[in-house]
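Read the structure below first, then the notes.
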Amino acid sequence: MSQDQLRNFMTQNVISVSPDQTVNEAANLMSQYNIGALPVVENGKLRGMITDRDITLRSTAEGRDGQTTVEQCMSSTDL
């Protein structure tokens, strides 16, 4: 598949969050854009991903509130 063909499947404007944003902010973005995952970006570098499942299991199920940071719940990359 060529680069031009791949562009047809790629999103032009990627929505992301920073590690210091709250899970409440991340959840609101997911709701607004009808998506279940967001890349976590810091200083232009991918730090990880946060999913709606991450928020449910690593925040809500553990009794944390919406002010918990994305960094506390995200899955990190090893890049």
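The values are calculated or read from the model by the stated rules, or taken from the named source; none is laboratory data. If you're wondering where the values come from, they're calculated on a predicted model, not measured in any experiment. Using ideal geometry, Cβ is built from the backbone for each residue, glycine included, and neighbour counts are taken over all protein chains shown. These area figures cover heavy atoms from the full protein model, side chains too; ligands, DNA and RNA do not enter into them. Shrake-Rupley method; radii C 1.70, N 1.55, O 1.52, S 1.80 Å.
Being hydroxyl-bearing (Ser, Thr, Tyr) and in a helix (DSSP H, G or I) is the filter here; which residues of segment 60-73 pass it? If you could, list the steps in order and put the result at the bottom.
Applying the first criterion (hydroxyl-bearing (Ser, Thr, Tyr)) to segment 60-73 yields 60, 68-69.
Correct list: Thr60 only.
Those residues that are in a helix (DSSP H, G or I) and open to solvent by less than 70 Å² (accessible area, probe 1.4 Å), I need them from segment 45-59; list them, please. Working first, answer last.
If we filter segment 45-59 for residues that are in a helix (DSSP H, G or I), which is where we start, we get 52-59.
If the condition is that a residue be in a helix (DSSP H, G or I) and open to solvent by less than 70 Å² (accessible area, probe 1.4 Å), then Asp54, Ile55, Ser59 are the ones that fit.
For segment 16-31, check the following and say yes or no: at least one residue is open to solvent by less than 100 Å² (accessible area, probe 1.4 Å), at pLDDT below 95 and not in a loop (DSSP other than H, G, I, E, B). Show your work before the answer.
First, the residues of segment 16-31 that are open to solvent by less than 100 Å² (accessible area, probe 1.4 Å): 16-19, 21-31.
Of the ones still in play, those that are also at pLDDT below 95 are none.
No, segment 16-31 contains no residue that is open to solvent by less than 100 Å² (accessible area, probe 1.4 Å), at pLDDT below 95 and not in a loop (DSSP other than H, G, I, E, B).
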Qualifying positions in segment 1-33 - within 27 Å of Gln67 (Cβ to Cβ) and either among the acidic types (Asp, Glu) or touching a residue at least 40 places away in the same chain (Cβ under 8 Å) (or both): Val17, Ser18, Pro19, Asp20, Gln21, Thr22, Val23, Asn24, Glu25, Ala26
Which listed residue is open to solvent by 50 Å² or more (accessible area, probe 1.4 Å) and at pLDDT 95 or above, from Glu62, Glu42: Glu42
